[in-house]
1. Would you mind stating whether Phe15 is touching a residue at least 12 places away in the same chain (Cβ under 8 Å) and either buried (at least 19 other Cβ atoms within 10 Å of the Cβ) or closer than 29 Å to Ile173 by Cβ (or both)?
2. Scan region 88-124 residue by residue and report those that are over 11 Å from the mean Cα position of the chain (by Cα) and assigned to a loop (DSSP other than H, G, I, E, B).
3. Please determine, by comparing only the residues of region 213-227 that are of a type in the set (A, V, I, L, M) and either surrounded by fewer than 12 Cβ atoms within 10 Å (Cβ to Cβ) or out of contact with any Cys (no Cβ under 8 Å at 6 or more places or on another chain) (or both), which one is farthest from Glu34 (Cα to Cα).
4. Please report, ordered by residue number, the helices (runs of 4 or more DSSP H) entirely within region 156-254 with at least 2 residues that are at pLDDT 95 or above and within 29 Å of Ile93 (Cβ to Cβ).
5. Is it true that Ala98 is touching a residue at least 12 places away in the same chain (Cβ under 8 Å) and either under 24 Å from Glu34 (Cα atoms) or crowded, with 19+ Cβ neighbours inside 10 Å (or both)?
6. Of these, Asp83, Asp56, which one is surrounded by fewer than 19 Cβ atoms within 10 Å (Cβ to Cβ) and farther than 19 Å from Glu159 by Cα?
7. What residue, of Val67, Val33, Val46, Val19, is among the β-branched types (Val, Ile, Thr) and in contact with a Lys or Arg (Cβ under 7 Å, 6 or more places away or on another chain)?
8. Which pairs turn up if I take residues in region 200-216 that are among the polar types (S, T, N, Q) and look for partners that are surrounded by 10 or more Cβ atoms within 10 Å (Cβ to Cβ) with beta carbon separation below 9 Å, at least 6 apart in sequence or on another chain?
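The values are calculated or read from the model by the stated rules, or taken from the named source; none is laboratory data. Please read all numbers here as calculations on a predicted model, not as lab measurements. Neighbour counts are summed over all protein chains in view; Cβ atoms, including those assigned to glycine, are modelled from backbone coordinates with ideal geometry.
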Amino acid sequence: MIQAFIQARMSSTRFPNKVLKKVLDKSILAFLVERVKRAQHIDQIVILTSVQTEDDAIENEAKHLNVKCFRGDLNNVLKRFYDAYIEFPSQHIVRLTADCPLLDPDILDQTIEHHLNTQSDYTSNCQSNSFPDGLDVEVFTAKSLKTSYKLANKPSELEHVTQFIRNHPSDFIINEVCSPVDLSRHRWTVDEPSDFQLIEEILHCIYPSNPNFSYKDVLDLFAQKPSLLQINQHFQRNEGLNISLLRDLINGYE
């Protein structure tokens with residue numbers, strides 16, 4: 001069994017309540033769930049949020065979208081994933097984040113297939129950042145999650161679920177799916193208000209006539225409207241992770 005665990009919270013420091021911001025009367029989270037449901041290899045979707053009162057809204061949205069919801073630790077996201085796995089066990093887990101409404105189902109399936117075919121412990125399409133930021137897919141085994149939960153101790157490893165695996169490549173079979181063309185300059189995630197502005201523009205242009213659009217359709221839109229590229233190009237990729245790694249150093253972790 002393969003489950004998609006979508007981590008979501010309302011308390012984003014840079015853009016609060018972002019995952020329930022609406023475009024065309026749908027939340028950002030709803031667009032993501034809709035696209036994950038199109039994937040061929042996902043058996044169940046579970047939204048993982050926190051026990052904070054403000055995240056009641058995410059649980060309500062999960063009910064509206066007819067998907068499971070698990071509520072756990074706000075800051076120790078690794079524990080939240082492990083506890084969710086105990087309640088919803090499966091052989092393989094796909095980690096997705098709720099701020100990626102343009103996720104491509106074909107890339108999701110491709111990454112899962114590569115993971116299974118190579119019998120990997122961990123497979124992603126975001127280690128070398130060849131795809132646009134916002135199409136990230138991470139797949140890992142239940143065994144890898146258990147090992148991470150047992151051994152991880154750095155703050156960054158607790159906040160960023162797969163960081164322990166990445167930090168110990170000799171202990172895991174790790175593989176990657178790369179884009180044939182470097183698309184790393186594109187930023188399609190929603191971390192800042194200007195990110196949302198771009199996503200809003202993309203969805204208004206594409207979704208009404210082509211709700212099953214692919215990432216290539218988005219690239220075609222940029223070719224027609226190159227000015228869109230300028231909306232959010234001034235932000236750093238993986239800013240949240242970089243901040244966590246800095247905290248590790250400040251707190252004496254190497």
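1. no
2. Phe88, Pro89, Ser90, Gln91, Asp104, Thr118, Gln119, Ser120, Asp121, listed by residue number.
3. Only one residue tops the list, namely Ala223.
4. Ranges flagged: 163-167, 193-206, 215-224.
5. Answer is yes for this residue.
6. Asp56
7. Val46
8. Asn210/Asp217; Asn212/Arg35; Asn212/Arg38; Asn212/Pro105; Ser214/Asp104; Ser214/Pro105; Ser214/Asp106; Ser214/Ile107
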